[in-house]
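Visitor: If you scroll down you'll find the structure; I have some questions about it.
The values are calculated or read from the model by the stated rules, or taken from the named source; none is laboratory data. This one's a predicted model, so the numbers in the text were calculated from it and none came from an experiment. Neighbour counts run over all protein chains shown; Cβ positions are idealised from the backbone, glycine included.
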Amino acid sequence: MTNTGMFFRMLFSAVFRRRSRAVMAVVASLVGAATLFCLAMICIAVPQQMNEEMRAYGANLIVTPAASGTDGKAGIDSAMVAHTTEMVAAKGSEKHASYRYENVRVNAAPYVMAGIDVAEVKNLNHHWVVDGAWPSAGKVMIGRDVADAMGLEIGGRITIGYRAADNAGSSTSTSAPSAEGAGAADAATEGETSTANGSQSSSANVSSSQPTQDGRVSSDIMDTSGTEFRVAGIVDTGGSEDSIIYATNDDVAKLTGTTRGVDVIEYSAGTEDLNALVASINDMTSMHVKAQPVTKITSSDTRIITMLQTLFWIVSLVVLALTLVGVGTTISSIVSQRRNEIGLRKALGASSSAIGAEFYVESAMYGLIGGLIGTAIGFGLAQWLCVAVFQRSIGFNWWLAAASVALSALVAVVASIPPVHRATRIDPAVVLREE
Amino acid sequence: MDMLLELDHISKIYGDLHAVDDLSLTVPQGEWLAIVGSSGSGKTTLMNMIGCMDTPSKGSVKLEGRKLEDLNASQLADVRKNMIGLVFQKFYLVPHLTAVENVMVAQYYHSVVDEKQALEALEKVGLKDRAHHLPGQLSGGEQQRVCVARALINEPKLILADEPTGNLDEKNEKIVLDLFRQLHQQGTTIIVVTHDALVAGCAEREIMLNHGVLVGEKWNDEKAREAYEAAGGKPASTGAQVEGAQTGETAIGFADPTKAAKTGDSLSE
């Protein structure tokens, strides 16, 4: 047998023939590692989960055609939508929906109609409360305000007329978002004034060249022609979406007789630096689009997540400090119990460094075993907490796991340094005499 | 005759207490010396200083001509593992290592581990069959024999034994003393601390301490004494100025205290 073999034989004898103490040391490390890993996973996962939850409340970025240039009338074509989406996706997760806005008339009164891809809008706006169904071919979804104004119910019929003259201005004048807009609906309804509702804004655009009364052109009442649609559902958001009529893109194209690009793309972007993303899109002037953050959502997102993160880190650090003291004290006490053995080894001629190496490796082993089991338990706890609170599972973070195991081993070794150092520093006779 | 050990006016002082008081002593290679005295007389303190496990407050200890006070902790550890074999009254075995592993620990710190050699050492002390038992599974006598095997495994020049039979019955005491006799015949220097007259009587030479002061010296082997004196060896002495102290160059004889207690003889002056 070599001396290395003897080293490991002594090591394994110490661990496996002193099982109760070894178990105590491993359990101490295990508790520390489980607490540490669980808290760290939650500290990292919870803000991510919260971020995703926040994203469900709509867009935090809107993209509209650039105000200048002729492309504004044509909207943003599908290739540019795809290109912009690629840019957003490159910076993090994203969900998006695009909107084509047209001024239409219902019973001669002006309203805004939005052509949408139902799946996209549905996926982006989880907070919309829809009574009935989403739009489909020949069926529209109307805002609560529109339904109340016209006394419409689900299953009712609505005749929508389209006049090219109403949309003679730049399409961006109908759909241009405000700087503080909260999404496409705001963008569509607030218009350049940022204050008017959809009907009024559209009316203002339509009436730019005609005399008006109460916001409507004098000939409104004369014209009630249009295409008949069935009301599939009523959307209620409490916001400006309630003043809009939603139809599928195909129905809007049929109604207007034209196919063109979209007026607004809404993004729920998962990037950490939204302003940088906005700047990068705006810097690409050749794209002829303008990006704006939805400040209201973004700032509240950031504030809540920062508060949560700070709270979790503070709690984690306090718990971690307490755990480390507990682990350290247990390991230190276990090593102190072997003070006489250290004295004996010194009497047999062992150097302090040789004794230190034996005890530190043994402590590291306790830390390692405890760290591995504790990390697994910690992950289980974190997983359980996330499922219970957020109804979502979390992924295993290998780097964090490695750090947790390494820290457990380190704490165990550091905790054993003082008692080993104290026992090896004094004469062996003094240590042996103490028994 | 070469002196293996030279103590030059060594003292160990704890506050006002002189555990060992100004003792001078020379021990030649191959001698079997017994240090006797009652409990608290400073025997173990003296043994610890000789065994590099404690340092004297005053005076000098030389082992093979090397002054121990000039050595640092690491060098003292080297002296312990290379020159000295220790046998303790309380055995001091590592509880989670088997008998053979306890012997191998001494090899591990000394040079190279050799399990076969360790088993042979256990065979010498009659414990080959118990080699793979933990100390808790061995009797006191068996544990002490493991200690002896561990002490002799590196073939040290000096065996220091502190009350080696103090916790043993007569049968095991005889076994251990026989082992010491064998080692002595092989030329190993043995210093035994004891208050047992039988154990002390096995030694060639005895010195007696009382409250840390040398109070007597006697030879049990005349031939050994003659050889010692012929080689220029002098009687042990103390500088302590107390009544009954052996201060000069003349040894003061004494009767073993336990023997005296048994026979009723008084201490000889």
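Visitor: Would you point out the residue of region A:96-116, among those that are among the charged types (D, E, K, R) and more than 21 Å from A:VAL294 (Cα to Cα), that is surrounded by the fewest Cβ atoms within 10 Å (Cβ to Cβ)? Even if it seems obvious, please write down each step before you answer.
Guide: Keep residues of region A:96-116 that are among the charged types (D, E, K, R), which gives A:100, A:102, A:105.
With the extra rule that they be more than 21 Å from A:VAL294 (Cα to Cα), the set shrinks to A:102, A:105.
Working: A:GLU102: 28, A:ARG105: 24.
In this case the residue turns out to be A:ARG105.
Visitor: Related question: How about region A:326-435: which helices (runs of 4 or more DSSP H) wholly inside it have at least 3 residues that are away from chain B (no Cβ under 14 Å) and either within 22 Å of A:ARG17 (Cβ to Cβ) or in contact with a Ser or Thr (Cβ under 8 Å, 6 or more places away or on another chain) (or both)? Steps first, please.
Guide: Details: elements: A:339-347, A:352-390, A:398-425, A:428-433.
Output list reads A:352-390, A:398-425.
Visitor: Right, another one. Could you tell me whether A:ALA33 is within 14 Å of chain B (Cβ to nearest Cβ) and modelled with pLDDT of 85 or more?
Guide: In short, no.
Visitor: List pairs: first residue in region B:44-57 and within 9 Å of chain A (Cβ to nearest Cβ) and within 12 Å of B:ILE13 (Cβ to Cβ), second residue among the small types (Gly, Ala, Ser) and surrounded by 24 or more Cβ atoms within 10 Å (Cβ to Cβ) anywhere in the structure, Cβ distance under 8 angstrom, at least six positions apart or on different chains.
Guide: B:THR45/B:GLY212
Visitor: Residues A:GLU102, A:GLU120: which one is at pLDDT 90 or above, part of a helix (DSSP H, G or I) and more than 14 Å from every other protein chain (Cβ to nearest Cβ)? Outline the logic, then answer.
Guide: Values: A:GLU102 fails: part of a helix (DSSP H, G or I).
Checking each option against the conditions leaves just A:GLU120.
Visitor: For residues that are in contact (Cβ under 8 Å) with a residue 60 or more places away in the chain and either of a type outside the set (Val, Ile, Thr) or facing chain A (nearest Cβ under 8 Å) (or both), scanning just region B:85-99, find the one that is nearest to B:ALA131 (Cα to Cα). If you could, list the steps in order and put the result at the bottom.
Guide: Applying the first criterion (in contact (Cβ under 8 Å) with a residue 60 or more places away in the chain) to region B:85-99 yields B:85-91.
Then drop every residue that is not either of a type outside the set (Val, Ile, Thr) or facing chain A (nearest Cβ under 8 Å) (or both), which leaves B:85-86, B:88-91.
Details: B:GLY85: 20, B:LEU86: 20, B:PHE88: 19, B:GLN89: 21, B:LYS90: 19, B:PHE91: 16 Å.
In this case the residue turns out to be B:PHE91.
Visitor: For region B:108-127, what are the residues that are without any contact (Cβ under 8 Å) to a residue 12 or more places away in the chain and either at the interface with chain A (Cβ under 10 Å from one of its Cβ atoms) or of a type in the set (S, T, N, Q) (or both)?
Guide: B:TYR108, B:VAL112, B:VAL113, B:ASP114, B:LYS116
Visitor: Being away from chain A (no Cβ under 12 Å), closer than 22 Å to B:LEU183 by Cβ, of a type in the set (Lys, Arg) and touching a residue at least 12 places away in the same chain (Cβ under 8 Å) is true for just one of B:ARG80, B:ARG130, B:ARG150. Which residue is that?
Guide: Only one candidate qualifies: B:ARG130.
Visitor: If you go through region A:78-93, how many residues are under 22 Å from A:ASN249 (Cα atoms) and in contact (Cβ under 8 Å) with a residue 24 or more places away in the chain?
Guide: Looking only at that region, the number is 6.
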